Amino acid sequence: GENVEQHPSTLSVQEGDSAVIKCTYSDSASNYFPWYKQELGKRPQLIIDIRSNVGEKKDQRIAVTLNKTAKHFSLHITETQPEDSAVYFCAAGTGYALNFGKGTSLLVTP
Amino acid sequence: ETGVTQSPTHLIKTRGQQVTLRCSSQSGHNTVSWYQQALGQGPQFIFQYYREEENGRGNFPPRFSGLQFPNYSSELNVNALELDDSALYLCAVQAESSYNSPLHFGNGTRLTVT
């Protein structure tokens, strides 16, 4: 089955700096790669997603890149703000069944 | 917001008991998935229902079962509860009926097994 590895497990940045979270996946059949943000005690919320026919996607301060050959994808957050502090999960899969990474706890300090 | 509602929000059960968790959405999503999120981990896919039929299952034993009703509400049933079943259980729906459309989660049910 699909195995998703996510790094780093924790990340601390200064406000205004960039943050990068990286994930690798094992199943070449995976064609959908969403990223979720989860604040403490709340549900995971979709922040951006990318499909396998696209190499890069951007939405304001958030961007995701996908390298299908190397089977890795990354989340980039620019100009970080304290409210970006949360746990971020990458996921890979097909259709409805997603396999999630173990999460990255991002702390943005003022 | 997809308006996904899960109940109850919290639940405490004893090992060996059975539990039923519920999920509903404001508009009729014909696909619902259930995920288990243990503390400090990412969500794990349990199963997915499409038009009242199980349409995919993760690596969970048969004591995890589900139902989807004609009004697209759904239940997750867990029999013979074990301590390791303690987790946040998330229901997810898709805003569109197409394959690979984004999954949107409810707020979850926090289950504690003692």
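Each value in this text was obtained by applying a stated rule to the coordinates, not by laboratory testing. Quick caveat, the model's predicted, so the values are computed rather than measured. For neighbour counting, all protein chains shown are included, and Cβ atoms are generated from backbone atoms with ideal geometry for every residue, glycine included.
If you average the sequence gap of Cα pairs under 8 Å that are 6 or more apart and divide by the length of chain B, what percent do you get for the contact order?
RCO, chain B: 36 percent.
Averaged over the residues of B:38-48, the number of partner chain Cβ atoms lying within 10 Å of the residue Cβ comes to 5. Put a plus charge on the Cβ of each Lys and Arg, a minus charge on the Cβ of each Asp and Glu, and nothing anywhere else: the dipole of the protein assembly as shown about its Cα centre is then about 260 debye.
How long are the semi-axes of the equivalent ellipsoid of chain A, defined as square roots of 5 times the Cα gyration tensor eigenvalues? Whole Å, largest first. Each step should come with its number before you reach the end.
On the way: eigenvalues 106, 41, 28 Å².
Values for chain A, descending: 23, 14, 12 Å.
Does the protein assembly as shown come out rounded, prolate or oblate by the C-alpha gyration tensor, with a ≥ b ≥ c the root eigenvalues, rounded set by a/c under 1.5 and, if not, prolate when a/b is larger than b/c and oblate if not? Taking the square roots of the gyration eigenvalues as a ≥ b ≥ c, the protein assembly as shown is prolate.
For A:Lys37, a cut-off of 18 angstrom between C-alpha atoms picks up these lysines, skipping any fewer than 8 places away in its own chain: A:Lys22, A:Lys57, A:Lys58, A:Lys102. Beta bridges from DSSP with both residues in the protein assembly as shown: antiparallel share about 90 percent, rounded to the nearest 5.
How large is the dipole of the range A:23-62 about the Cα centre if only Lys and Arg carry +1 and Asp and Glu carry -1, each at its Cβ, rounded to the nearest 20 debye? Please report the intermediate quantities before stating the final value.
Working: 7 positive and 5 negative charges, 39 e Å.
Once rounded to the nearest 20, the dipole reads 180 debye.
Per residue of A:41-48, other chain Cβ atoms within 10 Å of the residue Cβ number 5 on average.
Loop-located trypsin sites (Lys or Arg not before Pro) across the range B:44-97 with a Cβ neighbour count of 10 or fewer within 10 Å are B:Arg51, with loop assigned by DSSP.
Which of A:Phe100, A:Ile47, A:Gln60 sits closest to the plus end of the dipole of chain A, meaning its Cα is farthest towards the positive end, when Lys and Arg get +1 and Asp and Glu get -1 on the C-beta? Value computed over the given set: A:Phe100. Rounded to the nearest 20, the Cβ-based charge dipole of chain A about its Cα centre (Lys and Arg +1, Asp and Glu -1) stands at 280 debye. Expressed as a rounded percentage, what relative contact order does chain A have, with Cα pairs under 8 Å and six or more residues apart? That works out to 37 percent.
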